[in-house]
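Participant: Dropping a structure here in C-alpha cells format, bear with me for questions.
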Amino acid sequence: MKVSIIVTHLLGTGHLARALTLGRAYGAAGHDVQVVSGGMPAPQLNRDGVDVVQLPPLRSDGVDFARLLDDRGDVASDAVMTARREMLVTHIKSSQPDLLITELFPFGRRTLKAEFVALLDAAQALRVRPLICASVRDILAPPSKPAKAQLADDLIAQYYDAVMVHADGDVTPLSLSWPVSPALQDKLHYTGFVAPPAASPHPDQLGEGEIIVSAGGGDVGAHVFDTCLAAAARDPDRVWRLLLGGQDAARRSAELMQNAPPNVMIEPARPEFRQMLHHAAASVSLCGYNTALDVLQSGVRAVFVPFDAGNEVEQGLRADALAVLPGIEVLRSAALTPDALLSTLHTVLADTPRPARTDGFDGAAMTVTLTESLRKTAP
C-alpha cells in the first residue's frame, strides 16, 4: 500500500513520535509510507526509514492551542495557512495513497479544521478513494462543549472508515476521556499501545544511579526543572540529570548550568534517553503517552508530574491509571515543591521493584495488520 500519515504537533513532540513509529512499522511491512508533519522540526526523533514531508511549521502559543505561531514566533499569517492547505491537497493528489491516516484530527486540532477538511475532500475526490482512518492515543482531552464531540462525530461519519485507538481497551477505553456515541463505537478499533521496540540497556550504563528528569520534546516543564534543581541542591549525594526539550534546549541548558549545583547535569534531550532509563535510580517526568510507555518498558521507578496547564487533564488520567503499579507515584503540579519531590522519590525508591513490561506494545504492527485487512474488505 501507499500510506500517508498526516500529523501536526503543536506543543510537545509525542504526536509526531507516534506517527513516525507507525511509519516505520508500515515500512517494515513493505509499504510505501510518507509522514507529513506540520509541527516544528524535531531532529532528536528517530526518522530512520521514514520519508518525512515538512509543511510550513506551526506551534501553539504555550497552551493556547487557538493561537498558532510560525517558525519565527509570529502569529501564523493567512499566507502560511493557505500554503499549508495547498501543500496538503497537492500531496494527496500526487501521492494518491491507498491509506490516509490523520493523527488526532477530528478529535483535536480543530483550529486546523480548514486544512484537514481540504485534505479529506481531495482524498474523497480521487479516482480510487483511499481507506481513511483517524489515529488517536489512549486518552484525549475531553471536549469542553457537546458541540465539539458532535463535530467529531459528524466528520467521522462523513469521511472516515475507522478510528484506531492506540491503547488497550480494557485498561484505557476511549470512553474514559471522550463521549463515545453508538455511531463512533461502530468504527473504533483498539490496536494496543504504539511504542518502538524496547530499548536495550546502554552499553556504557549511561545514567547509572541517576535521577533522570525529562519533560518530553517540547518547550514545557520549566516548573519541573526548577523544582528538581532546588531538590538536587538538598540531595548532594546523588547525581541528577535534566534533559531539556524544545527548539532552544541547548541555550536553556547552558543558562541553567551556570547556577546548577555540582551534582546536576543539564543538557538537551538525548537520543539514548530510553536506554538510560534502564540504569537510572528513578525518572521524574511529565506523563505524556510516549514517556509513560518508556517508563513501563524500562521498569524504571518513576515520579509523574502530569502536565495540567490550561486545564489539561489527559496526563493526569494516565498517571492515575499507572500509579496502581509498584514503583510509580504521582505528584500534582500544585503540590510540587522540592521537599515534596524528595519525599515522593524516597517512597518510590523504597517500593518493590517493577519488572520491565514487554507485552502490549505492538500497536504499530497491529495497526498495519488492521488497516491491511480493512483495505482488502473496503468497498
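Participant: Whether any residue in the range 341-364 is within 24 Å of Leu20 (Cβ to Cβ) and in a helix (DSSP H, G or I) is what I want to check. Give the steps one after another, and end with the answer.
Facilitator: Let us first name the residues in the range 341-364 that are within 24 Å of Leu20 (Cβ to Cβ), namely 356-364.
Now restrict to residues that are in a helix (DSSP H, G or I): 363-364.
Scanning the range 341-364 turns up at least one residue that is within 24 Å of Leu20 (Cβ to Cβ) and in a helix (DSSP H, G or I).
Participant: How many residues, within the range 238-277, are without any contact (Cβ under 8 Å) to a residue 40 or more places away in the chain and more than 24 Å from Pro201 (Cβ to Cβ)?
Facilitator: Residues in the range 238-277 being without any contact (Cβ under 8 Å) to a residue 40 or more places away in the chain and more than 24 Å from Pro201 (Cβ to Cβ): 16 in total.
Yes or no, residue by residue, for (1) open to solvent by 60 Å² or more (accessible area, probe 1.4 Å); (2) out of contact with any strand residue (DSSP E or B) (no Cβ under 8 Å at 6 or more places or on another chain):
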{"site": "Ala319", "(1), (2)": "no, no"}
{"site": "Ile328", "(1), (2)": "no, no"}
{"site": "Thr347", "(1), (2)": "yes, no"}
{"site": "Arg357", "(1), (2)": "yes, yes"}
{"site": "Ala364", "(1), (2)": "no, no"}
{"site": "Thr367", "(1), (2)": "no, no"}
{"site": "Lys376", "(1), (2)": "yes, yes"}
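Participant: A follow-up question, please. Let me confirm something: among Ala25, Ala19, Ala79, which residue is in a helix (DSSP H, G or I), in contact (Cβ under 8 Å) with a residue 40 or more places away in the chain and out of contact with any helix residue (DSSP H, G or I) (no Cβ under 8 Å at 6 or more places or on another chain)?
Facilitator: Ala19
Participant: Pick from His202, His223: which is more than 22 Å from the chain's Cα centre (by Cα) and in contact (Cβ under 8 Å) with a residue 12 or more places away in the chain? Steps first, answer last, please.
Facilitator: Details: His223 fails: more than 22 Å from the chain's Cα centre (by Cα).
Just one listed residue meets the conditions, His202.
Participant: Inside the range 297-311, can you point out the residues that are open to solvent by less than 10 Å² (accessible area, probe 1.4 Å) and either within 23 Å of Thr21 (Cβ to Cβ) or aromatic (Phe, Trp, Tyr) (or both)? Walk me through it before giving the result.
Facilitator: Keep residues of the range 297-311 that are open to solvent by less than 10 Å² (accessible area, probe 1.4 Å), which gives 300, 302-306.
Result: Val300, Ala302, Phe304, Pro306.
Participant: Which of the following residues is under 18 Å from the mean Cα position of the chain (by Cα), modelled with pLDDT under 95, within 21 Å of His166 (Cα to Cα) and open to solvent by less than 30 Å² (accessible area, probe 1.4 Å): Ile101, Ile139?
Facilitator: Of the residues listed, the single one that is under 18 Å from the mean Cα position of the chain (by Cα), modelled with pLDDT under 95, within 21 Å of His166 (Cα to Cα) and open to solvent by less than 30 Å² (accessible area, probe 1.4 Å) is Ile139.
Participant: Something else: Search the range 150-173 for residues being surrounded by 15 or more Cβ atoms within 10 Å (Cβ to Cβ) and modelled with pLDDT under 95, and hand back the single one that is nearest to the chain's Cα centre (by Cα).
Facilitator: Ranking the qualifying residues of the range 150-173, first place goes to Ala167.
Participant: Evaluate the range 72-90: report whether one residue or more is open to solvent by 10 Å² or more (accessible area, probe 1.4 Å), within 19 Å of the chain's Cα centre (by Cα) and among the charged types (D, E, K, R).
Facilitator: No, that holds for no residue.
For every residue, the table says whether it meets (1) touching a His at 6+ places or on another chain (Cβ under 7 Å); (2) part of a helix (DSSP H, G or I).
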site: Val89; (1), (2): no, yes
site: Thr102; (1), (2): no, no
site: Ala114; (1), (2): no, yes
site: Leu126; (1), (2): no, no
site: Asp138; (1), (2): yes, no
site: Lys148; (1), (2): no, yes
site: Gln158; (1), (2): no, yes
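Participant: Looking only at strands (runs of 3 or more DSSP E) that fall completely inside the range 217-291, which ones have 3 or more residues that are open to solvent by 10 Å² or more (accessible area, probe 1.4 Å)?
Facilitator: 264-268
Per-residue answers, yes or no, for (1) touching a residue at least 40 places away in the same chain (Cβ under 8 Å); (2) touching a strand residue (DSSP E or B) at 6+ places or on another chain (Cβ under 7 Å):
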| site | (1), (2) |
| --- | --- |
| Met40 | yes, yes |
| Phe65 | yes, no |
| Arg84 | yes, yes |
| Lys93 | no, no |
| Thr111 | yes, yes |
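Participant: Then there is this: With the structure loaded, tell me whether Thr352 is hydroxyl-bearing (Ser, Thr, Tyr), touching a strand residue (DSSP E or B) at 6+ places or on another chain (Cβ under 9 Å) and surrounded by fewer than 19 Cβ atoms within 10 Å (Cβ to Cβ) or whether it fails that test.
Facilitator: Judged against the criteria, Thr352 is not a match.
Participant: Let me ask something additional. Could you look through the range 180-197, keep only residues that are open to solvent by 70 Å² or more (accessible area, probe 1.4 Å) and within 19 Å of the chain's Cα centre (by Cα), and pick out the one that is modelled with the lowest pLDDT?
Facilitator: Only one residue fits best here, namely Pro197.
Participant: Does Leu88 count as free of Cβ contacts under 8 Å to residues at least 40 places away in the same chain and within 21 Å of Arg18 (Cβ to Cβ)?
Facilitator: Values: free of Cβ contacts under 8 Å to residues at least 40 places away in the same chain: no; within 21 Å of Arg18 (Cβ to Cβ): yes.
So Leu88 does not fit the description; no.
Participant: Can you tell me which residue is surrounded by the most Cβ atoms within 10 Å (Cβ to Cβ) among those in the range 330-345 that are in contact (Cβ under 8 Å) with a residue 40 or more places away in the chain and polar (S, T, N, Q)?
Facilitator: Checked the range 330-345; the qualifying residue surrounded by the most Cβ atoms within 10 Å (Cβ to Cβ) is Thr344.
The values are calculated or read from the model by the stated rules, or taken from the named source; none is laboratory data. Bear in mind that the values here come from a model prediction, so they are computed numbers and not experimental data. Quick reminder, even Gly has a Cβ in these numbers, built from the backbone with ideal geometry, and neighbours come from all protein chains shown. In case anyone asks, the SASA skips ligands and DNA or RNA and just uses the protein heavy atoms, side chains included. Shrake-Rupley method; radii C 1.70, N 1.55, O 1.52, S 1.80 Å.
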